[in-house]
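For reference, the structure discussed in these notes is given below.
The values are calculated or read from the model by the stated rules, or taken from the named source; none is laboratory data. All figures in this text were calculated on a predicted structure; none of them were measured in a lab. In this analysis, Cβ positions are derived from the backbone assuming ideal geometry, glycine residues included, and neighbour counts consider all displayed protein chains.
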Amino acid sequence: MKSQRTFAIIKPDAVKKNATGDILNMIHTAGFRIIGMRMLEINREQAEGFYAVHAERPFFASLCEFMSSGPIVVLALEKENAIADWRKLMGATNPANAEAGTIRKKHAANIEHNAVHGSDAEDTARFELSYFFAGYELF
Ligand code: CDP
Ligand code: MG
């Protein structure tokens, strides 16, 4: 399979508990190249724009509040099969169901404060990468 890009976020809960370094190390150990990275804070409106697909879900308001509650690290990742492989490394949305060895098993507190984000398909990866990165910022 050819090289593929995906988009990832280290969420405010993980940044706050100083898990950033460990998560970056897990990313590299799993064979991803980090081709873009930035630490920033987003406001409520920017979180709502990013998660627009979830606008009708009951957890939307709380999720957007959480995602704008502190610094995050946004990442562009590249490897073969990056989208599926990154979701596998993240683990299940609810850390109670996450497999051993996954980031969420190790670092997530609960189904909302679950340490990391990852795109779920090629079209969402394209949208999410372009939401945070300009083409010239990727290496
Ligand atoms: O992040 P992932 O793709 O695994 O899950 P999602 O279903 O796309 O949901 C997006 C995010 O919303 C999750 O990562 C959680 O932070 C949050 N969420 C929540 O707070 N409560 C739920 N019941 C489901 C998701
Ligand atoms: Mg999702």
(message) So in segment 8-61, with the set limited to residues that are among the hydroxyl-bearing types (Ser, Thr, Tyr) and out of contact with any strand residue (DSSP E or B) (no Cβ under 9 Å at 6 or more places or on another chain), which one is farthest from ligand 2 (Cβ to nearest atom)?
(response) THR29
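Taking the stated definitions as given, is MET26 closer than 20 Å to ASP13 by Cβ, within 14 Å of the chain's Cα centre (by Cα) and surrounded by 19 or more Cβ atoms within 10 Å (Cβ to Cβ)?
Considered against the rule, which asks whether it is closer than 20 Å to ASP13 by Cβ, within 14 Å of the chain's Cα centre (by Cα) and surrounded by 19 or more Cβ atoms within 10 Å (Cβ to Cβ), MET26 comes out as yes.
GLU48 - would you say it is of a type in the set (D, E, K, R), closer than 24 Å to SER130 by Cβ, out of contact with any Lys or Arg (no Cβ under 7 Å at 6 or more places or on another chain) and at pLDDT 95 or above?
It is true that GLU48 is of a type in the set (D, E, K, R), closer than 24 Å to SER130 by Cβ, out of contact with any Lys or Arg (no Cβ under 7 Å at 6 or more places or on another chain) and at pLDDT 95 or above.
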(message) Looking at the structure I just gave you, is ALA82 over 18 Å from PHE132 (Cβ atoms) and aliphatic (A, V, I, L, M)?
(response) no
(message) I need every pair where a residue in segment 116-134 that is of a type in the set (S, T, N, Q) has its Cβ under 6 Å from the Cβ of a residue that is within 15 Å of ligand 2 (Cβ to nearest atom), sequence separation at least 6 or different chains.
(response) SER119/THR6; SER119/PHE7; SER119/ILE83; SER119/ALA125; SER119/GLU128
(message) I need the helices (runs of 4 or more DSSP H) fully contained in segment 77-132, keeping only those with at least 3 residues that are within 15 Å of ligand 2 (Cβ to nearest atom) and buried (at least 20 other Cβ atoms within 10 Å of the Cβ).
(response) 82-90, 122-132
